[in-house]
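Participant: Just passing along the structure, written as C-alpha cells.
The values are calculated or read from the model by the stated rules, or taken from the named source; none is laboratory data. Note that the structure is a prediction, hence the values are computed from the model and not measured. Cβ atoms come from the backbone with ideal geometry, glycine included; neighbour counts cover every protein chain shown.
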Amino acid sequence: MNEYVYNEIKSLSEQYKRELDKRVNLRIEEMRKDDKSHYLLYGVLGIDNVEGDQIDIYQNKGRFLYQYAGSFLEKAVMICFKHKFHNAEKARVENPFEGTPKNFEIDCLVGTDAHELKWRDATTDGDHINKGRRRIEAIKYWGYTPIRLMFYEPQRKQARDIQQKLKALYMEVGGKYYSGEEAWQYVTNYTGVDLNEILEAISRES
C-alpha cells in the first residue's frame, strides 16, 4: 500500500466525516423547529409520530451522505491520479454544437484521457441519455477520449438499462466505459494505487 497516498486519503476522509457530522447535526436542530402537521398523513398510512420523525431525519441524512460520499470518492480518485500524473486536473470544454450547456466539465483530464468520475448513477431519466450523448460528442470533438468510471453499479433494472445505453454511446465514439470492479481495477492499473484497498483499510480503522 502506498503510504503517502494512504495518508492523504485518510486525512481527506477525516475532513469529510467532520463536515458531514456538522451538516447533519445542524439539519436535525433545524428540523426540531419544523411544522409536524404532515405527520397526520403518516398516521393515516400507518406510520406513528416516532417512526415518522426517524424517517424524516434519515431521509435528510441520506441526502447529505450520498452527496458527501460522491464528492469524497471523486477527490480520492483525483489524489491517485495526481500521484502518478502531476498535471491531472479538472477541465472544461466548450459545447461546439447548438443548445445548452455552453460547456462541459471533465472531472479528471490526463493528456487526452478525459475521465468522468461517478461513485454511482441510479438515474432512470431517459433524457439522461441525450445529455450524455452531447457531453461525450463534445469531448470527442475537441480531440479527447471520453472515459467513464462508475464505481458502484445501480441495483434497479431501469437504471441498469440506462447505463448500458450510456456504455454503448461511449463505445460508438471510441471512448471507454468501466463500472463496478472494472472501474476500481482501472484506477489501480492507470495510477499504480489500489484505491479500494486503501478505503477498506480506512473503513476498518473507523
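Participant: Just to verify a result, which residue in the stretch 146-195, among those that are among the polar types (S, T, N, Q) and surrounded by 17 or more Cβ atoms within 10 Å (Cβ to Cβ), is farthest from L73 (Cα to Cα)?
Facilitator: Q163
Participant: Turning to a different aspect of this structure: Let me confirm something: among Y152, Y141, which residue is farther than 23 Å from S71 by Cα and touching a Phe, Trp or Tyr at 6+ places or on another chain (Cβ under 9 Å)?
Facilitator: Y141
Participant: Cβ contacts < 6 Å: first residue outside the structural domain of L65 (by TED's automatic domain parsing), restricted to the stretch 22-37; second residue surrounded by fewer than 10 Cβ atoms within 10 Å (Cβ to Cβ), any location; separation 6+ or different chain. Result?
Facilitator: Hits for this filter: zero, empty list.
Participant: Right, here's the next one. If you scan the stretch 65-74, which residues turn out to be under 16 Å from W184 (Cβ atoms) and buried (at least 16 other Cβ atoms within 10 Å of the Cβ)?
Facilitator: Within the stretch 65-74, G70, F72, L73, E74 qualify.
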